[in-house]
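Report on the structure given below.
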There are 2 protein chains.
Amino acid sequence: MAKDGPAAGKDQKKTAASNQTVQWWKLPTLEELGQEYQEEQKGKVKKNKAQEIDPWTVEAATDEHGQSLAFDYEAISREWATKLIDQPLLDRFEALTGKRPHMWLRRGLFFSHRDLDRILDCYERGDDFFLYTGRGPSSDSMHIGHTISFEFTKWLQDVFDVPLVVMLTDDEKALFKEKLTFEEVMEFARQNAKDIISFGFDVKKTFIYSDLKYIPYNGGHMMLNAWEFSKLVNFNQVRGAFGFNGSTSTGRIFFPSLQCVAAFATSYPHIWGDDPDSDFRSKKTAAIPCLIPCGVDQDPYFRLVRENAGRMKNKSPKPALLHAKFFSALQGPGGKMSASIPNSAIFMSDTMNQIKKKINSYAFSGGQETKELQQELGGNPDVDVSYQYITYFDDDDEKIAKIADDYRKGKLLTGELKAICIKLLQEYVKRFQDNRAKVTDDVMKSFMTPRKLEWKGNPNPKKPESKQKVADRTKQAGSAGAEKS
Amino acid sequence: MAKDGPAAGKDQKKTAASNQTVQWWKLPTLEELGQEYQEEQKGKVKKNKAQEIDPWTVEAATDEHGQSLAFDYEAISREWATKLIDQPLLDRFEALTGKRPHMWLRRGLFFSHRDLDRILDCYERGDDFFLYTGRGPSSDSMHIGHTISFEFTKWLQDVFDVPLVVMLTDDEKALFKEKLTFEEVMEFARQNAKDIISFGFDVKKTFIYSDLKYIPYNGGHMMLNAWEFSKLVNFNQVRGAFGFNGSTSTGRIFFPSLQCVAAFATSYPHIWGDDPDSDFRSKKTAAIPCLIPCGVDQDPYFRLVRENAGRMKNKSPKPALLHAKFFSALQGPGGKMSASIPNSAIFMSDTMNQIKKKINSYAFSGGQETKELQQELGGNPDVDVSYQYITYFDDDDEKIAKIADDYRKGKLLTGELKAICIKLLQEYVKRFQDNRAKVTDDVMKSFMTPRKLEWKGNPNPKKPESKQKVADRTKQAGSAGAEKS
């Protein structure tokens, strides 16, 4: 919807916002989805230069003037055959867990999934599953966009009470960034681990690892998985999935197998009490399902693992996925926060003053150019980056609706909107920084040591009746019937 | 030279052997090499279907009737730009080490090299270097052809008194043999390790490892080397070196990097007392040269490492190589002993009686069809497999010359020649089997545990003069000159 927004016409005179309160994060119902899908297919996307998204390229589509358009997430979902997250799914989530879905689910920052319903089945039965997320440590600090999946995964871990593995793909970053050395990325991984720990994960049920420090020291079973997986996947397949060619380094060609098998529980024998030195990976452990919250750009990896999980010697279920949108750059839709463009992003190491300055100077505004015009015409929250950030960091739906409404009506000025945003971001970053200061090397080591984890899962599982029970009941019913007759 | 031999004309009436005693293992002088090279270039090879040799394909050339010809080792050497081992090199070897070159060097079973002269320079100065050889554990037992590089490397280790690493590429075997599982090859690797230990290696200076059990448990630095190397080598390069294509599995595409970096001393920090847990590989250790005795079919791996060793962050010297010919099948030249063709090979697990039976039944003979014809016309040792084996297992040059001479003159009958061969092979295999029986699991573990090794190297190194000494001497000479003038 933001396609007729800022990036497409930065210099255009802004139109007055309608009086109607549009919640741009409103989730589609199943019926609406059908309509929207049909509308999209009428060539709307094809008119423009297509967006390009894979784990190493995230580029929005451009219009005929070469200006960036907003990412078209429904098009991604359609192209890759994922499912959009809908209200019925969230209703079931709430009914099962007794927890209101996270605002990022309600407001569509996590917009798409694969097999989340199966994970809910699993939770309902009280069966084990685990969470897996990750980060590519390309620098020693993270921006606010990087933190989304961790903040969200921490929440998921609290709700589900299950083990979590966090993969730091330092090997990948050194392989895919020409200038980064393997020594540099190992240090980045340690700094990133400390950042991640700051989100409050429970050490009893969380294992964080860097590829370069886990796999060649305790990764016997993970390496076996990677070799076995890489035997199933040939060059043509990764060429298609990742856009590789003859000039692609052999390390890059192999790496996807590693990231893929991180979704197999057997890659972490310690967690489940299996013997990591054994030649044999556990069949029982292989069957434990996995849920991966990640940026949607990571989906190609997991399509590959979903295609091949059932071909492994010890079959694993297809991992389930929860896809996040890209966290918008300060400059607005069609951009993604980037660590290499400092003014595109709020960094978790920014001072309170820097945050204030960045929002005031760079956050793209949907407001009018003067106070008077704003009061007369109102602003457009749909394209306003500060407003968008507010929706990501304030859980109060009513408050958000009122902010949007006031902004549209011109009751709220741009400066005031920005001030609300600044306060929320400062709180978020401050909380992080306070926690980060407490993460010592020892704390980091405790998270990064391969070990058995402890978790409880669903406290009230609805165990499926055993075959014996079903048979007994049938028999009883039969006897009762016999007595009647 | 064996091209007009058995494979080319099994049914031809054999011609009488000349009276001249031809030692077919005679090493070419530098002058002769020049001539032979010229003769070869006169299209001799091009008339036939070319031989095909890489780590996974070893096929002799065929003539116009499709019959296998002997391998043309000089053509391999020329095509791959290796150096043939010549008498001057062996003379220097003997002068430096005080040891007569092994019969397999004198008789050309190890026929070619790369930079052996540099290793001799190293030895002369008393500088460290190490030996690296390996085996792909495709089954739980080895045939006599597999043992050549181990028997020879044991001799080299005794002569040079340097560390040795033996890589068991179980990962490779599972990747390249469709039906082998990773669990199977790990067990093969252990059995093969016991076989290898039976050749009498000194545990103080020998580290044997299986890829699947070393790299993901103690291989932090080896994995760093492999990733860094694989970043330097792209798909086009391995496609050329190993004949890969789009259908090649991504595991196979990556594997060469692992086998390549086994030639870098930093892959074994334990051996040199470096810290294996450090992020940093030692620059000093990276500079330690490596000598690799191996089958000539393995050369493509090491060409790749020679091309890229100097591009690593910590530069390593190009590894030196000693290339072995293929150990002839019982059926004669153009064949290679193969574990999957039982009657092509003598197995190290064969009974004394099986050895006798195989030689008597299958060893291709250069003798005449009857005792009378043999006595009249004589036999041809140049094409006789039993005779060839004798030259590989009896160190006594005079005795060998007499056997050849007697055979040519018809004084020695085929049965008698075979009996000599049988006795030598039985002794070789018996010694192995006796040693093998003593290799317990504990002995195996002691060889396979990453640890610091102990060695002495050259007891009488000729240290190069320090710059200071040279300067002092020049000064002295200068003063002396001044006094004279």
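The values are calculated or read from the model by the stated rules, or taken from the named source; none is laboratory data. If you're wondering where the values come from, they're calculated on a predicted model, not measured in any experiment. Cβ placement follows ideal geometry from the backbone for every residue including glycine, while neighbour counts extend to all protein chains displayed. We work out accessible area using only protein heavy atoms, side chains counted, and drop any ligands, DNA or RNA first. Shrake-Rupley method; radii C 1.70, N 1.55, O 1.52, S 1.80 Å.
The aspartates and glutamates within cross-link reach of residue A:173, meaning a Cα-to-Cα straight distance under 17 Å and a gap of 8 or more places when in the same chain, are A:54, A:140, A:183, A:184, A:187, A:211, A:297, B:228, B:279. Per residue of chain A, what 222 nm ellipticity follows from adding -39500 (n - 2.57) for every DSSP H run with n ≥ 4, rounded to the nearest 500? Calculated from helices alone, the mean residue ellipticity at 222 nm is -14500 deg cm²/dmol.
A 1.4 Å probe run over chain A, with the rest of the protein chains in place, finds 43 Å² accessible per residue. The length gained by stretching the chain between residue B:65 and residue B:121 to full extension, at 0.36 nm per residue less their Cα-Cα distance, is 15.4 nm.
Put a plus charge on the Cβ of each Lys and Arg, a minus charge on the Cβ of each Asp and Glu, and nothing anywhere else: the dipole of region B:48-173 about its Cα centre is then about 380 debye. Nonpolar atom fraction for the protein assembly as shown, defined as the carbon and sulfur part of the 1.4 Å probe accessible area, stands at 49 percent.
Ordering A:349, A:374, A:393 by Cα displacement along the dipole of region A:342-436 toward the positive end leaves A:349 in first place; charges were set at the Cβ atoms of Lys, Arg (+1) and Asp, Glu (-1).
For the segment A:174-187, counting C-beta atoms of other chains within 10 Å of every residue's C-beta and taking the mean gives 3.
So what does the Cα-only Debye profile of chain B read at q = 0.12, 0.13 Å⁻¹, as log10 I(q)/I(0), no solvent term? Values, matching the q order: -1.13, -1.32.
Across chain A, the mean sequence separation of Cα contacts (distance under 8 Å, 6 or more residues apart), normalised by length, yields a relative contact order of 21 percent.
The Rg/Rh ratio of region B:73-327, with Rg taken over Cα atoms and Rh as the Kirkwood radius over Cα pairs, comes to 0.94.
Comment: the Cα-to-Cβ extended label point of residue B:442, at 7 Å, lies 4.0 nm from its counterparts in the other copies, nearest first. Residue by residue along A:242-249, Cβ atoms of other protein chains within 10 Å of the local Cβ number 4 on average.
Pairs exceeding 19 Å between alpha-carbon atoms, taken from B:356/B:423; B:283/B:318; B:83/B:283; A:231/B:313; B:154/B:204: B:83/B:283; A:231/B:313. Summed over all non-identical Cα pairs, the Kirkwood treatment of region A:342-436 gives a radius of 13.5 Å. Highest mean packing first, where packing is the average number of other Cβ atoms within 10 Å per residue, the peptides A:224-231, A:375-382 line up as A:224-231, A:375-382. The value of relative contact order for region B:372-451, using C-alpha pairs under 8 Å at least six residues apart, is 33 percent.
Its alpha carbons give region A:385-465 an Rg and a Dmax of 20.7, 60 Å. Put a plus charge on the Cβ of each Lys and Arg, a minus charge on the Cβ of each Asp and Glu, and nothing anywhere else: the dipole of region A:73-327 about its Cα centre is then about 480 debye. For the protein assembly as shown, the dipole from Cβ point charges (+1 on Lys and Arg, -1 on Asp and Glu) about the Cα centre works out to 620 debye, to the nearest 20. The share of alpha-carbon pairs in the protein assembly as shown lying farther apart than 41 Å comes to 51%.
Which net charge results when you count Lys and Arg as +1 and Asp and Glu as -1 among the other residues whose beta-carbon is under 11 Å from that of residue B:356? Counting the neighbours of residue B:356, the net charge comes to +3. On association of chains A and B, roughly 4000 Å² of accessible area becomes buried (total for both chains; probe 1.4 Å). Output the relative contact order of region B:303-405, whole-number percent, from Cα pairs under 8 angstrom with separation of 6+ residues. Taking the mean separation of contacting Cα pairs over the length of region B:303-405, I get 17 percent. Which helices, counted as full DSSP H runs in chain A, have an axial Cα extent of no less than 27 Å and a Kyte-Doolittle average of -0.5 or above? Going by DSSP H runs, the hits are A:414-437.
Annotation: extensible slack from residue A:191 through residue A:280 equals 28.7 nm (criterion: 0.36 nm per residue apart, minus Cα-Cα distance). Percent of Cα pairs in region B:228-308 per distance bin of 10 Å, from zero to the largest separation: 16, 44, 29, 10, 0. Inter-chain neighbour count for B:209-219: the average number of beta-carbon atoms from partner chains within 10 Å of each residue's beta-carbon is 4.
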